[in-house]
Amino acid sequence: MAELLNNVEANSFSGDEGEVDCPDGHEHPDWTTMDLVVNFTVEQIFDLLFTDTSFFRSFLDSQGTTDIVLGEWSDTVDASGSKTRSNTFTIALHASFGPKTTPSCETQFIRKESKPGSFYCVDCESLNDPSLPYAENFYVWNRYCISRLTKSTSRVTVRSKICYRKSVFSLVKAIIDKNVRNGVNGYFKPLTEKLTQESEKVAANADQPRKKKRYTKHRNPPASRVTTHPSSGATGSDQLPPSVKQSTELSATRRTTYITSTVRVMSALLIFLVMFNLLLFCKLWSLESRHSALQYDSSNSGLYTHQDLLEILNKQKYLYEKDINHWKSTLESSSKLIQELKHSVEEIKAQQKISSSQLPLKDKVDL
């Protein structure tokens, strides 16, 4: 790994085999997720964590991670003096609701203050699939500090921070903070245990002649590399490799299908409402025709006897009361149906607004 950093600027550290501390002015993020002393050299622990080894792959497999693509480190340094590589995989989610898996892209940077054999500072920035709610509003920053204690032991310290690209409501931010912290701690706790087990094996066999344990490297096609630092202003969609972009396009297609279905349902409701109004118009026209017929009978009352007139009047009264009751019942039913339709349309509009507010905002608007 020493050859990897030939062009990376290194600060001076006192001693060739003594203890090494983080350089002055070195920033440490919010909370500590790992602080471990292991029986490995700095180079060995770097290779375990930041190259394609069977150790790291077996750890990812134990976490339910699939579609693992571990990239190679770039041969050149970027404007900040760092070397980069990108990894992509599908991580398992353990939330009680929502998707159970999501594609993820992790970009790693070897900081320029790193010095082979003494100290490594590696930043890891994780971006989740934009189809997840608020995924484009934040990313997770993990800083690994690997420092030498003795010739054969090292200290591994990891500190993490949730970095927000865009402001979110305080309630949403609290939910994101809680879930992301649980997810990050749930990742580093088993990693700490696995490193501890490997370190104890080395200590137990230290006095026994043995072959040097080597971790085989897998030859996989190199992943699409993200060489632009997220803080440089590029959006998350520009940094995602083709596999994640394909997932994003699929999510966009699903959203388009949902909106189309919603429009169709609203159109069907409006058509039904128009037909119902036509039905009411026909009923009104029928009532008006019957009323005209009764008026015609009254105009010819001279042709009838007194008894006939009484029967006609009673018949008119009966029909009038029957029509009034029927009309009241029809109006009440119509009013209730119109209110229900109005309520349904308002609910559909509200759901569409909520869905639109949760869509990722690509290049305008981040577990």
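The values are calculated or read from the model by the stated rules, or taken from the named source; none is laboratory data. Predicted, not measured: the structure shown is a model, and the values here were computed from it. No Cβ is skipped: glycine too gets one built from the backbone with ideal geometry, and neighbour counts run over all protein chains shown. Only protein heavy atoms, including side chains, enter the accessible area calculation; ligands, DNA and RNA are left aside. Shrake-Rupley method; radii C 1.70, N 1.55, O 1.52, S 1.80 Å.
Worth a mention:
- Criterion: under 26 Å from Ala135 (Cβ atoms), at pLDDT 90 or above, within 18 Å of the chain's Cα centre (by Cα) and among the β-branched types (Val, Ile, Thr) - qualifying residue of Thr101, Thr84, Thr88: Thr88
- So Thr84, is it in contact with a Phe, Trp or Tyr (Cβ under 9 Å, 6 or more places away or on another chain) and surrounded by 18 or more Cβ atoms within 10 Å (Cβ to Cβ): yes
- Checklist (1) within 30 Å of Phe138 (Cβ to Cβ); (2) at pLDDT 80 or above; (3) not charged (D, E, K, R) applied to Leu361, failing item: (2)
- Residue in region 315-326 that is closer than 29 Å to Leu269 by Cα, at pLDDT below 80 and open to solvent by 90 Å² or more (accessible area, probe 1.4 Å) present: no
- Candidate set from region 304-335 (those that are in a helix (DSSP H, G or I) and of a type in the set (Val, Ile, Thr)); member that is farthest from Arg290 (Cα to Cα): Thr330
- Residues being closer than 15 Å to Thr32 by Cβ and surrounded by fewer than 16 Cβ atoms within 10 Å (Cβ to Cβ) - total across region 132-160: 0
- The set of residues in region 93-134 that are under 23 Å from Cys145 (Cβ atoms) and either assigned to a loop (DSSP other than H, G, I, E, B) or touching a Gly at 6+ places or on another chain (Cβ under 7 Å) (or both) comprises Arg111, Lys112, Glu113, Ser114, Pro116, Gly117, Ser118, Leu127.
- Total residues in region 19-62, condition in a loop (DSSP other than H, G, I, E, B) and either open to solvent by less than 30 Å² (accessible area, probe 1.4 Å) or closer than 27 Å to Lys161 by Cβ (or both): 15
- Yes/no for Thr90 being assigned to a strand (DSSP E or B), among the polar types (S, T, N, Q) and either more than 24 Å from Val202 (Cα to Cα) or out of contact with any strand residue (DSSP E or B) (no Cβ under 6 Å at 6 or more places or on another chain) (or both): yes
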